[in-house]
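Comments concern the structure below.
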Amino acid sequence: MEVVGKKDLLPEAPKHIAIIMDGNGRWAGKRAMSRLKGHEQGAKAVREVIKGCRELGIPYLTLFAFSSENWRRPKEEVNHLMGLFKFFFNKEINELVDAGVKVDFIGNISKLPDDVQKLSKELVERTSHNSALTLTIALSYGGRAEIVESAVRLAEDIASGKVSAADLSEGSFEGYLETKDIPDPDMIIRTSGEKRLSNFLLWQSAYSELIFQDVLWPDYTRNDLQDAINEFYSRNRRYGAVSG
Ligand code: IPE
Ligand code: IPE
Ligand code: MG
């Protein structure tokens with residue numbers, strides 16, 4: 001008789017956690033501060049979750065830092081956010097290199113100010129040999145734009161005869177997405193109580209467990225991350241089949 005070990009009964013651990021970091025503005029509003037202060041405070045929570053994922057051995061973390069729609073915000077706020085990205089990347093680069101974090105970006109990086117683009121490239125290059133945690137930062141990112149741009153690249157390959165339309169599959173299409181080198185997120189966390197994806201990882205989220213937490217992003221701690229992971233473990237992932 002086959003003995004079923006305890007290990008076999010445990011649900012699979014999440015390999016990829018993606019986070020919609022929301023609520024910076026409301027955090028500041030509650031304290032009669034400007035929204036900009038909320039974004040500054042949000043950077044602390046980013047450090048916490050990177051550390052948390054490293055310690056828990058989660059191999060992939062993706063953070064939604066700025067959406068393709070966030071360009072619609074007042075110029076002052078957009079400029080401040082760009083300044084913060086620059087400050088954060090500069091400040092954290094050595095620690096990320098030392099901590100074994102491999103940084104990557106998804107989104108329309110060419111829309112960012114030159115200095116932020118330059119630093120982003122430096123971050124990617126200097127951490128490219130790391131492998132403990134792959135941190136993907138979604139900057140100027142929109143899920144629909146990503147899918148359309150992938151379709152354009154595919155159409156070009158079909159036109160040049162490199163691939164044939166008849167051979168197209170979900171798997172081969174995925175090879176055109178910006179996330180081609182990372183697995184789909186097992187769980188997507190959104191803070192601040194909002195319950196929507198706001199154009200984040202639309203293709204990749206097909207079977208992600210969605211976890212909504214009321215905490216505002218600047219208050220997010222290791223405990224909140226642990227709560228989200230516990231919630232993930234309570235879910236039954238069926239992928240359209242029946243539970244075993
Ligand atoms: C998330 O916080 C940060 C970004 C979108 C850049 P918000 O700025 O959206 O905060 P709320 O939703 O207004 O509270
Ligand atoms: C989503 O938050 C984008 C990021 C967290 C970077 P938003 O605050 O921009 O989303 P909406 O506008 O509430 O949908
Ligand atoms: Mg928001």
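The values are calculated or read from the model by the stated rules, or taken from the named source; none is laboratory data. These numbers come from a predicted model, not from an experiment. A quick note on method: Cβ atoms are made from the backbone with ideal geometry, for glycine too, and the neighbour counts reach across all protein chains shown. Just so you know, the surface numbers come from the protein's heavy atoms only, side chains and all, with ligands and any DNA or RNA stripped out. Shrake-Rupley method; radii C 1.70, N 1.55, O 1.52, S 1.80 Å.
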Next on the checklist: Looking at E12 and the list (1) under 25 Å from A132 (Cβ atoms); (2) surrounded by 15 or more Cβ atoms within 10 Å (Cβ to Cβ), which single condition is not satisfied?
Outcome noted: (2)
Item to check | Residues of region 109-133 classified as surrounded by fewer than 19 Cβ atoms within 10 Å (Cβ to Cβ) and touching a Leu at 6+ places or on another chain (Cβ under 7 Å), total | outcome: 1
Next on the checklist: Condition first: closer than 15 Å to E174 by Cβ and in contact (Cβ under 8 Å) with a residue 60 or more places away in the chain. Now tell me which residues in region 137-164 satisfy that.
Outcome noted: G143
Checklist entry - Mind checking which residues of region 1-44 are at pLDDT 95 or above, part of a loop (DSSP other than H, G, I, E, B) and either in contact with a Phe, Trp or Tyr (Cβ under 8 Å, 6 or more places away or on another chain) or not polar (S, T, N, Q) (or both)? => result P14, K15, M21, D22, G23, R31, A32, M33
Checklist entry - Do we find that V116 is assigned to a helix (DSSP H, G or I), among the β-branched types (V, I, T) and over 21 Å from D181 (Cβ atoms) in this structure? => result yes
Checklist entry - Which ones in region 45-61 are touching a Pro at 6+ places or on another chain (Cβ under 7 Å) and within 16 Å of ligand 1 (Cβ to nearest atom)? => result A45
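Considering region 62-106 alone, what residues qualify as being among the polar types (S, T, N, Q), within 11 Å of ligand 1 (Cβ to nearest atom) and either open to solvent by less than 20 Å² (accessible area, probe 1.4 Å) or assigned to a strand (DSSP E or B) (or both)? Step through it out loud before you land on a result.
Filtering region 62-106 for residues among the polar types (S, T, N, Q) gives 62, 67-68, 70, 79, 90, 94.
Applying the additional criterion that residues be within 11 Å of ligand 1 (Cβ to nearest atom) yields 67, 70.
Selection gives S67 alone.
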Checklist entry - Which one of L225, L216 is under 20 Å from A45 (Cα atoms), within 16 Å of ligand 2 (Cβ to nearest atom) and aliphatic (A, V, I, L, M)? => result L216
